[in-house]
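Undergrad: Okay, handing you the structure first.
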Amino acid sequence: ALIVNSVFAGNTGDSAPAVSAGFGGIYALNSVFYGNSTRITGGAVGIGEGGATIRNCTFWGNSGPSGFSQMAQFYSIGNNIDIDYSIVQGWTGSWGGQGNSGVDPLFVDPNGSDGIPGTEDDDLRLSAGSPPNNAGDPRTTGLPPTDLDGHARVLCGRIDVGAIEFGIGDFDCDRATARVDFAQWADCMTGPTSSCTGCPAF
């Protein structure tokens, strides 16, 4: 299974309600698994004998019999997981890899006004101070040109962790949208010949 620029949110089931791969492998790239719950065993994602390669993904708010532990985010039958530059709630480091952590991704409003994950009012975009900003694997290749929202997949020089890139309007790439950014909008509106070369965050 190839999973790219995707969000799995608010699913429920007895086991692995978001993704279950009994025998085949999983390649997950720049995706978010949020607020999925399993009633009996395992986590939101169940990885079988084929193993998994995971890059730049976020596993957060998924729950199971073990609460919100690492196992509730994903579990593996064959213990063959290759994971890098991802955020996993309850991260213990047992899977190894580079650039992984268990820090809160600080989504804008992941449950929305109704308080229920997986519904239309959810906002799984990154906030200005989100740890996933520019924290993805700098060697990442093979991505589509846009993120889940249809904006440029890479802004400010390095890919973010997750399905939606932060940085729209952040012209100076300081991870915040402020007056100095607004001041550049008018120049960028003049087109590709403006002094705001490329205007990648526009």
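The values are calculated or read from the model by the stated rules, or taken from the named source; none is laboratory data. Remember, it's a predicted structure, so these values are computed and weren't measured experimentally. Because the Cβ atoms are built from the backbone with ideal geometry, glycine has one as well, and the counts that use them run over all protein chains shown. Please note that ligands, DNA and RNA were not included when accessible areas were found on the heavy atoms of the full protein model with its side chains. Shrake-Rupley method; radii C 1.70, N 1.55, O 1.52, S 1.80 Å.
Undergrad: So Trp91 ticks every box in (1) over 16 Å from the mean Cα position of the chain (by Cα); (2) not in a strand (DSSP E or B) but one. Which box is left unticked?
TA: The single condition Trp91 does not satisfy is (1).
Undergrad: Given the conditions (1) modelled with pLDDT under 90; (2) crowded, with 16+ Cβ neighbours inside 10 Å; (3) closer than 25 Å to Thr141 by Cα, which single one is not true for Asn80?
TA: (2) is the only condition that Asn80 fails.
Undergrad: State the number of residues belonging to the stretch 140-153 that are open to solvent by 40 Å² or more (accessible area, probe 1.4 Å), within 24 Å of Gly35 (Cα to Cα) and of a type outside the set (A, V, I, L, M, F, W, C).
TA: 2
Undergrad: Among the charged types (D, E, K, R) and open to solvent by less than 50 Å² (accessible area, probe 1.4 Å): does that describe Asp137?
TA: For Asp137, the condition - among the charged types (D, E, K, R) and open to solvent by less than 50 Å² (accessible area, probe 1.4 Å) - is met.
Undergrad: Pairs under 7 Å by beta carbon, first residue within 13 Å of Ser6 (Cβ to Cβ) in the stretch 135-150, partner open to solvent by 50 Å² or more (accessible area, probe 1.4 Å) and not small (Gly, Ala, Ser), six or more apart or different chains?
TA: Qualifying pairs under 7 Å: Leu148/Val7.
Undergrad: Residues of the stretch 64-77 being surrounded by fewer than 19 Cβ atoms within 10 Å (Cβ to Cβ) and either small (Gly, Ala, Ser) or over 22 Å from Asp104 (Cβ atoms) (or both), which ones?
TA: Pro65, Ser66, Gly67, Ser69, Ile77
Undergrad: Restricting attention to the stretch 4-24, and to residues there that are free of Cβ contacts under 8 Å to residues at least 40 places away in the same chain and farther than 20 Å from Gln70 by Cα, which single residue is surrounded by the most Cβ atoms within 10 Å (Cβ to Cβ)?
TA: Filtering first and then ranking leaves Gly24.
Undergrad: What is the one condition in (1) surrounded by 17 or more Cβ atoms within 10 Å (Cβ to Cβ); (2) touching a helix residue (DSSP H, G or I) at 6+ places or on another chain (Cβ under 7 Å) that Thr92 does not satisfy?
TA: Failing condition for Thr92: (1).
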